[in-house]
Amino acid sequence: MPHRKFDLIVIGAGVLGTSHTYHAAALGKRVLHIEKDQYPVNATVRNFGQVVPSGMPADWFQFGVYSTQLYTQIQSEFNISVRKNGSLYIASDEEEQRLIHELKEIMDDRCYEANLLTHQQCLEKWPTLKASYCREGLFFPQEVSVEPTSMIHRLIEYCRIKFPNLTYKPSTTIINCHISGDEVRVVTHKNEVFIAEKVIICNGGEFKILFPDLFRDSGIEISKLQMLRTIPMPDVGLEGNILTGLTIRRYESFSECPSFPTLQTPEYLRELKRWGIHILFKKAADGSIIIGDSHEYAGVNDMDDLGFELNQHINQLIFKEAQKIVSFDVTAITRTWVGFYAQHPEKDIVEIDIENKIHIRTAIGGKGMTSSAGYAEKSIQKLFSIRPMD
Ligand SMILES: Cc1cc2nc3c(=O)[nH]c(=O)nc-3n(C[C@H](O)[C@H](O)[C@H](O)COP(=O)(O)OP(=O)(O)OC[C@H]3O[C@@H](n4cnc5c(N)ncnc54)[C@H](O)[C@@H]3O)c2cc1C
């Protein structure tokens, strides 16, 4: 390691930490990027890889749009697994139809391309959809997806090659981080000390190593999600990010629609809602289809109560609902797993600043793959007092 002193140390190499690293390194800052695992294995690799600005709350929409542009630009230089296949929201009843029409108007006002598709148009473009489920669709052709299991590893590799001013250090746990005079000192599990002007901590769902007492009072909660992956099904026509009726009833962009406050939950959806289930599909590059997900919650101090087990009742509920939507066999599963992300019930992200030197950025919730790159650009500009370019 040639330098022990840096402008910035970023702790955590999930999508949020790596995005901060990218933007700081692009500004010419000398950055040390540290990850405790051999390679990232948490939320950033366990997700769908859907990049869906159309699902974001209004004030995060632009972060999603910017992230899409940045991913696409990087993809033109280096393969980080970006594919532009668009996002489709499928309405299955009148209330969901009303919501997609209202979201279309909101997106028209933002000059963000959104196309209403008839029942017939949806079935022609995605032949595996069931006619009995799909009434109408709202399609965002410009949206992209990434391969969750490889994207972050490729992005880290891209940054390492692109920026000689960046040092990446995996398999290194930071066990202490404190201010000493004008500097911040970080201490590794091997007792190595690195020094920087500033430190950004993007710890994801890890709250027990650094500043545990601070997190204890933070109000953060953890969500546990169940996910499934089918065997490769190259002939199934289901390209892009596929989001269904329960997603329309759940995503924050729809909660800003005029009819959302009067939305009713029909009896047949009650058990699914109880487990926070909404059905999403993402066809991966190998032809397998990722299906999910469910949400169980616990406060940060009780996160161990969420356990490590997959609940078979939840998987059965997902199978049953998913099979109403598509005609391929959703039970032809090769893998199922759990993922965890942190969120805050009242904040879009948790930002804790200690003496303008240590900056904790965590609990970005279920929108990290979509919005981290855009959010991190703003965050780095603010921390280094850089005026944004027009
Ligand atoms: C099942 C699932 C599906 C999802 N689907 C989507 C989707 O389709 N689209 C979307 O936009 N978002 C999605 N999300 C949300 C998204 O995955 C998260 O918002 C995002 O990955 C969070 O990134 P992060 O960098 O904050 O956290 P993480 O990915 O958890 O990364 C944090 C990293 O910090 C490291 N770390 C922590 N403490 C230390 C320490 N002391 N020293 C060194 N390293 C440390 C950890 O090892 C970890 O690698 C989904 C999430 C899940 C779980």
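The values are calculated or read from the model by the stated rules, or taken from the named source; none is laboratory data. Keep in mind that this is a model prediction, so the values were computed, not measured. Cβ placement follows ideal geometry from the backbone for every residue including glycine, while neighbour counts extend to all protein chains displayed.
Observations on the structure shown:
- Any hit, segment 243-251, residues being more than 16 Å from the chain's Cα centre (by Cα) and either of a type in the set (Lys, Arg) or exposed (fewer than 14 other Cβ atoms within 10 Å of the Cβ) (or both): yes
- The strands (runs of 3 or more DSSP E) falling completely within segment 73-148 include none with 3 or more residues that are assigned by TED's automatic domain parsing to the domain that holds Thr262 and over 26 Å from the mean Cα position of the chain (by Cα).
- Residue that is surrounded by the fewest Cβ atoms within 10 Å (Cβ to Cβ), among those in segment 29-45 that are of a type outside the set (A, V, I, L, M) and within 8 Å of the ligand (Cβ to nearest atom): Asp37
- Qualifying residue in segment 174-187 (condition: at pLDDT 95 or above, assigned to a helix (DSSP H, G or I) and among the aliphatic types (A, V, I, L, M)): no
- Per-region count, segment 274-319, residues assigned to a helix (DSSP H, G or I) and either surrounded by fewer than 14 Cβ atoms within 10 Å (Cβ to Cβ) or aromatic (Phe, Trp, Tyr) (or both): 8
- Residues being near the ligand (Cβ under 9 Å from one of its atoms) and either surrounded by fewer than 19 Cβ atoms within 10 Å (Cβ to Cβ) or over 16 Å from the mean Cα position of the chain (by Cα) (or both) - total across segment 209-242: 2
- Scanning segment 89-99 for any residue that is within 30 Å of Thr18 (Cα to Cα) and buried (at least 19 other Cβ atoms within 10 Å of the Cβ) turns up at least one such residue.
- Asp217 meets the conditions (1) at pLDDT below 95; (2) in contact with a helix residue (DSSP H, G or I) (Cβ under 8 Å, 6 or more places away or on another chain) in every case but one. The failed one is (2).
- Residues that are acidic (Asp, Glu) and in a loop (DSSP other than H, G, I, E, B), drawn from segment 18-71: Glu35, Asp37
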